[in-house]
Amino acid sequence: MLRKLFILVLSLFVLTTYAAEANGIEIIPRPAKVERGEGYFRLTPRTRLAVKGDDAERAVGAFAAKVRHATGYALSAGKAGSANVVSFVLDKSVNGDEAYTIDISHDRVVCRASRPAGLFYAAQSLLQLLPAEVEGSKTAAADWKMPVCRIEDAPRFAYRGMMLDPCRHFLPAEDVKRQIDLLSSYKINRLHWHLTDDQGWRIEIKKYPELTKVGARRNMFDGTFHTGFYTQDEIRDVVAYAAERFVEVVPELELPGHGMAAIAAYPHLSCRGEQLTPRVLWGVEEVVMCPGKEDMFDFLRDVIDEMTPLFPSGLFHIGGDESPRYEWKKCPKCQARMHELGYTKEAQLQSYVIGRVEKYLRTKGKTIVGWDEILEGGDLDTTAVVMSWRGEKGGIEAARQHHHVLMTPSSHGLYLDHNQYDPALEQISIGGNATIDRIYAYDPVPEQLREAGLGHYVLGVQGNNWSEYTPTAAALEARLYPRALAVAEIAWTPLERKDFKDFVRRAYGEGARQLDSRGVRQFIAQPAQPGGSTERVAFTDEVEIALEVPEGMQIVYTVDGSRPDAASPRYESPIRLSSTTVVRCRGVLPSGLMSPMREIWAERQALAPACRPDTVSPGLLMNVYPGNFRTAAALGSAQAAKTDSVIKKIETLRSMAGWLPAVDGYKDYAATAEGYISIPEDGVYEFRTLHAQLFIDDRRLIDNGDIFVLRSSPHNAQCALRAGLHKIRAVFVGGIFDGWPTYWNEGNVDFRPSGGKWQKIGADMLFH
Ligand code: TNX
């Protein structure tokens, strides 16, 4: 009886002092185990710091510097475990290389780990428990408290990665370091550094100076060249900087495909040895390295000889993806090699290259990592690590063959070059869907592997930041944050502790505030319209404008022309309008941070009357203007070379010239199409296009002139039209815009009746 009473009292005590995890603990990634006590530990000018154990200093030095700077307190040395001391103790009894514990009571803080990495992670968690001002650049007068709690934490995966691609757009070493610093705060511990590709070679190789002289220089076709590379000294500096933050840098040398920049510098590396330039377009290049030539292998060996001493990591990424085999089919040297080896398929040459490089890297103590194509052709050494990017298939197959696997499937949101929310309302992306909830929902251990007892082959997970559409460090940051936090959490947090609602609370609360303190330009979604955003809304009597934002956010708006702020009305239900109005709105995070303002122009219109030309014939009239105009405005009074040819479809505008991709000296042109569009019935119609301009009834409805790379447009627009013929005019401007040729656009104009489905303007609707 007494015993029972004792247990009851004890458990009541435990329940009240350690209430379930609650407010005040907003750590990202969510720790494995958290118990919240009551009250807080407060840092004061008398608080001391104790760091015990060899190498512990290195793990928490940056923490101490940040706290000293933000609080202005001296944090002089104290005795580990004593009152009013924040202690970091290396303690072999904590299990796991990266594990740590934190005990915060009213009068002291004790962090323990068996290794420096664990102390580093304890320090990151402490920083996130302090007010966000701790991350600021100024000394602040915040209430420097941390909630009383006990945390026991360890990662789910050993490999928690992020890939950066400085090839398509160069990212200076300083910016790489900034990202390493930020990512390491969320316990990301691998930087996969994609250093070579078709569009740029970014690492100095002393034996081959042309690699960076020729191979790091891409023609932008606007009179400039995109350049940049890292010297070996810079690489060493970045690798050391990363190591201080317990981030291991895994370099990637792409082969045998994605090697055009190297081939431009040393043409003999390809089958035909033709003198080419680094690739000026995105996409997959057909010219690849030639496995029929011994000197190609000599080249790879020399490059590896210079690269391996720079990167202490045991992993070395050799690419292996997207290597077309057309050239190998036609190449006598490749065919001779196949004959000599008894191969019947070119795919075997792919594994031959991977195999030779793998063996050489093994002599340097390196294990290879490759994109999942390295499984093709068979014969892959079982030590090779497979990075599954084309969905999960490659990873599943690899684990079945007993390869270690890194999951980074583009199909499940791990491609951070994909869209974050509404493509019309964010920086241009490559397409695809990588919303934060989608990333968060991803479990890196596929069910098939778990069921087959092969889950342990999955070493971890990685987010990939391909940079075709990420031209600057600022653009990269807006792609990475907050989504990198979701990647960090699926990589670190035990599956059973994942909880999206709670993640959003943390990421959009303290998480957002901390990023903001560090000057991070994080993406905050602007309100979108369900079913696709429309910039110019038209209506005849009344209209309702519905808005939405991602889960966990709110909307503020105004209809009086003022700029929305925290005090503006919150959006609750569709905004009803009966006169011409500009709706201005912003997305709001619980932290109070807001998205940039968005404007929706809602115009009350009378149905525009139809035209009544005497006679019409099918098709539109096209004029073609040779030249590199870059904008519709520049077309001005240019002379058309080809006038009034009849085209059936608007798409024809962008497929006129004998235009050759990927070669200097091609010919650009612009073109216009005009005539009439036949509107089926009275109503409000919306139009969308990636052409430079669209006019309806001589009114400029869409002008994409403010968008440099025309891959998506925020300018969808409506107008009210009577049934019958209306004038239409579309302006196409051809050119390569930072790797994207507008000739690759579908070239159509789509329309939909208000609230209806998008359709192409068909040939049966066009006349002149
Ligand atoms: C495919 S992922 C690629 C990259 C591109 C990326 C764009 C992979 C191994 N290859 O070369 O940059 O798509 O999303």
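The values are calculated or read from the model by the stated rules, or taken from the named source; none is laboratory data. Everything numeric in this text was worked out from a predicted model, so none of it was measured. Virtual Cβ from ideal backbone geometry, glycine too; neighbours counted across all protein chains shown. The accessibility values were calculated without ligands, DNA or RNA, using every heavy atom of the protein model including side chains. Shrake-Rupley method; radii C 1.70, N 1.55, O 1.52, S 1.80 Å.
Summed over the residues of the chain and divided among them, the accessible surface reaches 40 Å² per residue at a probe radius of 1.4 Å.
Taking amide hydrogens as placed 1.01 Å from N in the peptide plane, the amide H of G377 sits under 5 Å from that of no residue at least 5 positions away in sequence or on another chain.
With all protein chains in place and a 1.4 Å probe, the accessible surface of the chain carries 53 percent carbon and sulfur. For a 4.7 Å threshold on C-beta separation, the list of partnerless cysteines in the chain reads C111, C149, C167, C585, C611, C719.
Could you sort H402, H192 by their accessible area in this structure, using a 1.4 Å probe and putting the largest first? Write down the numbers at each step before the final one.
Working: H402 100, H192 0 Å².
Largest accessible area first, the residues go H402, H192.
A simple spin-label model places the labels of N95 and A65 3.6 nm from each other, with each point 7 Å out along Cα-to-Cβ. List the residues whose amide H sits under 5 Å from the amide H of R279, counting only those 5 or more places along or on another chain, with H placed 1.01 Å from N in the peptide plane. Here Q199, A261 satisfy the definition. The simple Förster model, with R0 at 25 Å and r as the Cβ-Cβ distance, assigns D181 and A77 a FRET efficiency of 0.45. Between T643 and D565, the contour length at 0.36 nm per residue exceeds the alpha carbon distance by 22.9 nm. The string of couplings for the range 708-716 from the Karplus curve (6.51, -1.76, 1.60, θ = phi - 60°) is 6, 9, 7, 10, 8, 10, x, 9, 4 Hz, one whole number per residue in order, with x for Gly and Pro. Exceeding 25 Å between C-alpha atoms, which entries from my cross-link table qualify? They are K206/K345; K293/K345; K329/K393. As for pairs spanning more than 25 Å Cα to Cα, those are K206/K345; K329/K393. Around the amide H of H404, modelled in the peptide plane, lie the amide H atoms of V386, all under 5 Å away and 5 or more residues distant in sequence or on another chain. Loop-resident trypsin sites (Lys or Arg not before Pro) (DSSP state other than H, G, I, E or B) in the range 26-78 with no more than 13 further Cβ atoms inside 10 Å of their Cβ: R46.
Where a ≥ b ≥ c are the square roots of the eigenvalues of the C-alpha gyration tensor, would you call the chain rounded, which needs a/c under 1.5, or, failing that, prolate if a/b is larger than b/c, or oblate? Numbers along the way, then the final one.
Working: a/c = 2.24, a/b = 1.26, b/c = 1.77.
Judged from the Cα gyration tensor, the chain comes out oblate (a/c at least 1.5, b/c at or above a/b).
When the Cα gyration tensor is reduced to axis lengths a ≥ b ≥ c, the ratio a/c is 1.5 or higher for the range 84-203, and with a/b not above b/c it is classed as oblate. The slack in the chain from R42 to T231, taken as 0.36 nm per residue of separation less the alpha-carbon distance, amounts to 63.5 nm. For the range 621-757, rounded, prolate or oblate, judged on the Cα gyration tensor with a ≥ b ≥ c (square roots of eigenvalues), a/c < 1.5 rounded, else prolate if a/b > b/c? Here the range 621-757 falls in the prolate category.
Of the listed residues W758, W144, the order by accessible area with a 1.4 Å probe, largest first, is W758, W144. Backbone phi angles across the range 429-438, fed through the Karplus curve with coefficients 6.51, -1.76 and 1.60 (θ = phi - 60°), yield HN-Hα couplings of 10, 6, x, x, 10, 10, 5, 5, 5, 5 Hz in residue order; Gly and Pro are listed as x.
Would you calculate, for the chain, the mean residue ellipticity at 222 nm contributed by helices, counting each DSSP H stretch of 4 or more residues as -39,500 (n - 2.57) and dividing by all residues, to the nearest 500? Walk me through the numbers before you get to the answer.
Working: 18 runs with 182 residues, N = 768.
So the calculated ellipticity at 222 nm is -7000 deg cm²/dmol.
With θ taken as phi - 60° and the Karplus curve 6.51 cos²θ - 1.76 cosθ + 1.60 applied, the whole-hertz 3J(HN,Hα) list for the range 278-295 is x, 4, 9, 10, 6, x, 9, 8, 7, 7, 10, 6, 9, x, x, 9, 5, 5 Hz, x standing for glycine and proline. Which of the lysines could a cross-linker span from K757 if the Cα-Cα distance has to be under 30 Å and same-chain partners fewer than 8 positions apart are dropped? Cross-link targets: K648, K649, K727. Averaging Cα coordinates gives a centre for the range 698-763 and one for the range 65-141; these two points are 56 Å apart.
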